[in-house]
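Chemist: Please see the structure below; I have some questions.
The values are calculated or read from the model by the stated rules, or taken from the named source; none is laboratory data. All figures in this text were calculated on a predicted structure; none of them were measured in a lab. Cβ placement follows ideal geometry from the backbone for every residue including glycine, while neighbour counts extend to all protein chains displayed.
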There are 2 protein chains.
Amino acid sequence: MSFDYINALLKKPTSRTPIWIMRQAGRYLPEYRATRAKAGDFLTLCKSPELACEVTMQPIDRFDLDAAILFSDILTIPDAMGLGLYFMEGEGPKFRNPIKNLKDIKKISTDLNNDLSYVFDGVSTIKKSLNNRVPLIGFSGSPWTLATYMIDGGGRIFASTKKMLFNEPETLHLLLMKLTQSVIAYLNQQIVSGADSVMVFDTWGGVLSEQNYLDFSLYYMEKIVKGVKAQHPNIPITLFSKNGGKYLTHIADTGCDGVGIDWTVELYQVQQEVGNKVAIQGNLDPAVLYATPEVIEREVKKVLSQFKGDTGYIFNLGHGITPDVDPENVKVLVDCVHTFSKECR
Amino acid sequence: MSFDYINALLKKPTSRTPIWIMRQAGRYLPEYRATRAKAGDFLTLCKSPELACEVTMQPIDRFDLDAAILFSDILTIPDAMGLGLYFMEGEGPKFRNPIKNLKDIKKISTDLNNDLSYVFDGVSTIKKSLNNRVPLIGFSGSPWTLATYMIDGGGRIFASTKKMLFNEPETLHLLLMKLTQSVIAYLNQQIVSGADSVMVFDTWGGVLSEQNYLDFSLYYMEKIVKGVKAQHPNIPITLFSKNGGKYLTHIADTGCDGVGIDWTVELYQVQQEVGNKVAIQGNLDPAVLYATPEVIEREVKKVLSQFKGDTGYIFNLGHGITPDVDPENVKVLVDCVHTFSKECR
């Protein structure tokens, strides 16, 4: 099999610019909302391999996308660690037993793959269902991002996590090390189950100062890259730190294959900075999907025309698609990326 | 009078590094919570010159701060435009009559200073109360930031504002131009009433791509700088775009005297970039105030030691102080900045 998405990450020739969309299986799709209603609640949807497969396939059936991504939550690992993940309608994720101190961290088991078997079952179910139409992306949250949820339980100030970072850095490092071990085992098992590529989402890396980002977030993502490459040297791996535009040269040095970027950096500058080392994924402002088809086409062309070359670039939004977008606009986006990227060559 | 805060902005000699703290009159102070309770609700507190003066003075009485900042809300201008600002406990600001279209924008009056007289009364009351102990900072929200609240009513996706930006840029520009006129008149009248310096807060500039930031946010802030300087050439003006680290050279080119920076950029790099043009204000991570006194001192020294020279730098947090900080830690911070900045010389 030869897939443009995989080839772009490995800098092999592609027939056109591949595109997938972060959170492409999501609430903007009426068929997703129907499956979600059938499941009853979000966690049941995540934990049922059949339903997770159903929603993963929905955007693939509807649009000409170049990759599927496992439908799951980024907090499956802390949940398997026994923190008791739950969701209240209209609020962010919460944990029944958040991490409070060193004692809590010492108790955590890192050997979680038995408890996460529903994820691997989901991967193999999806892989079978895809039948090689497009490649499948597996994923995990980054250790730093998982830690912020485990210690603060969400929110955007990260008071408790940062308090630990400043007062007890070694305690936080122990948690991050344990998370790193679990993430490596988790991603490797997703690959064994059928994932063709994996991605690490570092949603909250951008709230750290530079040195803290390097020490508490990127250090562990680099270990993950090495831990996955040691087992699966040919599987491409992508790192994405939201608001991490200023750290891209460091990210590119980890040995990853691709870096995700948001729309607050310019693609042509990113290509100049790291395009010789890694593939680049991004970076349309998700809000462009609220605009008219004409404006969407104009904005897509603005992004696409910044990248020079026939491989090493994957089109995506700079952040997840929002729930109130019209699916028709997504079709405009996907088709425009393919058409215009062929015209350019 | 010679104030370190003003001298630092104008790059005249200072006796030590001045410090003030964004949102220094706020909920972390028990005396603030008492005045707030006495006022009944937040808007009454803002609209009473005596109570606004009372809370403005509280941190000045408690700590050795180098400047006072007018206690007010950034949304006074849209409120005076008739949008009906209100606050629900525990939620962000809301408007009864948000902007929906061009017709709404055309109706808006920009001649607001009569309706904003409570702000100017507050400024003169505070100025009298300060009795030249420290200088007084006046402020406004940036046009782009005000527009996001007026159109979307808060939130972090800015769906309606960005929809207007992409589909009807000229409609948004009309609103931004009207806001700019009002902000210029507002800041000039604050200066006439006694403000020694003014600051523009661009809380949401950082959610824009580079070109959109330049066109929809900075373009109007530059007009504000010129509009204030035309009337008051000697009053220093500071611009602060949250998450605007990558736009600092553009910000420094507006003719402003100072730029605010958050903790995701390194002070020494900012000094190299724009330190020859403007003074710099920032940039301790507000979460450091959750740490122990020893850690606060260590982190303050890390920031302070990055700046070379005896003027052109004002210590501050990189964002507003959070409500659950212990005031004792603020004392540690303020005193450490003064002591260490003298020791360094």
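Chemist: Please work out if A:Thr161 is within 14 Å of A:Phe216 (Cβ to Cβ) and either assigned to a helix (DSSP H, G or I) or not small (Gly, Ala, Ser) (or both).
Modeler: When the stated conditions are applied, A:Thr161 passes them.
Chemist: Shifting gears a bit: Let me confirm something: among B:Val278, B:Val270, B:Val274, which residue is crowded, with 24+ Cβ neighbours inside 10 Å and modelled with pLDDT of 95 or more?
Modeler: It is B:Val278.
Chemist: Residues of the stretch B:241-269 being closer than 19 Å to B:Val228 by Cβ and in contact with a strand residue (DSSP E or B) (Cβ under 8 Å, 6 or more places away or on another chain), which ones?
Modeler: Answer for the stretch B:241-269, where residues must be closer than 19 Å to B:Val228 by Cβ and in contact with a strand residue (DSSP E or B) (Cβ under 8 Å, 6 or more places away or on another chain): B:Ser241, B:Ile251, B:Ala252, B:Thr254, B:Cys256, B:Asp257, B:Gly258, B:Val259, B:Gly260.
Chemist: Could you list all residues from the stretch B:302-329 that are small (Gly, Ala, Ser) and either more than 12 Å from every other protein chain (Cβ to nearest Cβ) or outside any loop (DSSP other than H, G, I, E, B) (or both)?
Modeler: Within the stretch B:302-329, B:Ser305, B:Gly309, B:Gly312 meet the criteria.
Chemist: While we're on this one: State yes or no: is A:Asp262 of a type in the set (Asp, Glu) and within 18 Å of A:Pro18 (Cβ to Cβ)?
Modeler: no
Chemist: Taking A:Asp79 as the residue in question, decide whether it is crowded, with 19+ Cβ neighbours inside 10 Å, within 24 Å of A:Lys242 (Cα to Cα) and among the charged types (D, E, K, R). Break it down stepwise before answering.
Modeler: On the way: crowded, with 19+ Cβ neighbours inside 10 Å: yes; within 24 Å of A:Lys242 (Cα to Cα): yes; among the charged types (D, E, K, R): yes.
It is true that A:Asp79 is crowded, with 19+ Cβ neighbours inside 10 Å, within 24 Å of A:Lys242 (Cα to Cα) and among the charged types (D, E, K, R).
Chemist: Something else now. Can you confirm whether A:Ile184 is touching a strand residue (DSSP E or B) at 6+ places or on another chain (Cβ under 8 Å), more than 14 Å from chain B (Cβ to nearest Cβ) and either at pLDDT below 95 or surrounded by fewer than 24 Cβ atoms within 10 Å (Cβ to Cβ) (or both)?
Modeler: Against the criterion (touching a strand residue (DSSP E or B) at 6+ places or on another chain (Cβ under 8 Å), more than 14 Å from chain B (Cβ to nearest Cβ) and either at pLDDT below 95 or surrounded by fewer than 24 Cβ atoms within 10 Å (Cβ to Cβ) (or both)), A:Ile184 does not qualify.
Chemist: Right, another one. Return the total of residues in the stretch A:137-180 being free of Cβ contacts under 8 Å to residues at least 40 places away in the same chain, polar (S, T, N, Q) and buried (at least 21 other Cβ atoms within 10 Å of the Cβ).
Modeler: The total comes to 1.
Chemist: Going by what's in this entry, would B:Thr254 be described as crowded, with 16+ Cβ neighbours inside 10 Å, polar (S, T, N, Q), out of contact with any Leu (no Cβ under 6 Å at 6 or more places or on another chain) and under 25 Å from B:Asn188 (Cα atoms)?
Modeler: The answer is yes for B:Thr254.
Chemist: Tell me, yes or no, whether the stretch A:17-27 has at least one residue that is out of contact with any Pro (no Cβ under 6 Å at 6 or more places or on another chain) and either farther than 22 Å from A:Val300 by Cα or among the hydroxyl-bearing types (Ser, Thr, Tyr) (or both). First the steps, then the outcome.
Modeler: Applying the first criterion (out of contact with any Pro (no Cβ under 6 Å at 6 or more places or on another chain)) to the stretch A:17-27 yields A:17-23, A:26.
Retained after the next criterion (residues that are either farther than 22 Å from A:Val300 by Cα or among the hydroxyl-bearing types (Ser, Thr, Tyr) (or both)): A:17.
Checked the stretch A:17-27: at least one residue is out of contact with any Pro (no Cβ under 6 Å at 6 or more places or on another chain) and either farther than 22 Å from A:Val300 by Cα or among the hydroxyl-bearing types (Ser, Thr, Tyr) (or both).
Chemist: Please go through the stretch B:302-345 and give me each residue that is closer than 21 Å to B:Arg62 by Cα, β-branched (Val, Ile, Thr) and touching a residue at least 60 places away in the same chain (Cβ under 8 Å), ordered by number.
Modeler: Within the stretch B:302-345, B:Ile314, B:Ile321, B:Thr322, B:Val325, B:Val330, B:Val334, B:Val337 meet the criteria.
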